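I have placed the structure first, in the form of structure tokens, so that the comments after it can refer back to it.
Taken together, the values in this text are just the output of simple stated rules run on the coordinates, not laboratory data. Owing to the predicted nature of the structure, the values given are computational and were not obtained by experimental measurement. Cβ placement follows ideal geometry from the backbone for every residue including glycine, while neighbour counts extend to all protein chains displayed.
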Amino acid sequence: MKENELVELGFEKCVGELDEPDWYYYTYDFAPGLSLISCGSDELVDGEWVVEFFEADEFQSKSKIDILQVIKAIERIKKKVK
């Protein structure tokens, strides 16, 4: 997946600390404790961003279509706060 595709999907850019201003990654937060996270900008695989569930790296994808389907499914069943 390319960086612009992460942005199109609604991921937010998270920039490194003061000692690492050029390092960054992306997150998509569904709810507290449930997020998608990309690899760091220094860990691209063949120029592609890999996305996984935060703290559950058993599930990974570089496919925009796969990640879009995950986002749509979780957002569809997400309880709406009234």
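Order these by the 10 Å Cβ neighbour count, fewest first: S35, S63.
Ascending number of Cβ neighbours within 10 Å: S63, S35.
Go through the chain and name the GluC sites (Glu not before Pro) that are in a DSSP coil and have 15 or fewer other Cβ atoms within 10 Å of their Cβ.
The qualifying sites are E17, E43, E55.
With +1 on each Lys and Arg Cβ and -1 on each Asp and Glu Cβ, and nothing else charged, work out how big the dipole of the chain is about its Cα centre, in Debye to the nearest 20.
960 debye
Using DSSP to call loops (not H, G, I, E or B), can you name the chymotrypsin sites (Phe, Trp or Tyr not before Pro) in region 1-78 whose Cβ has at most 16 other Cβ atoms within 10 angstrom?
W23, F54
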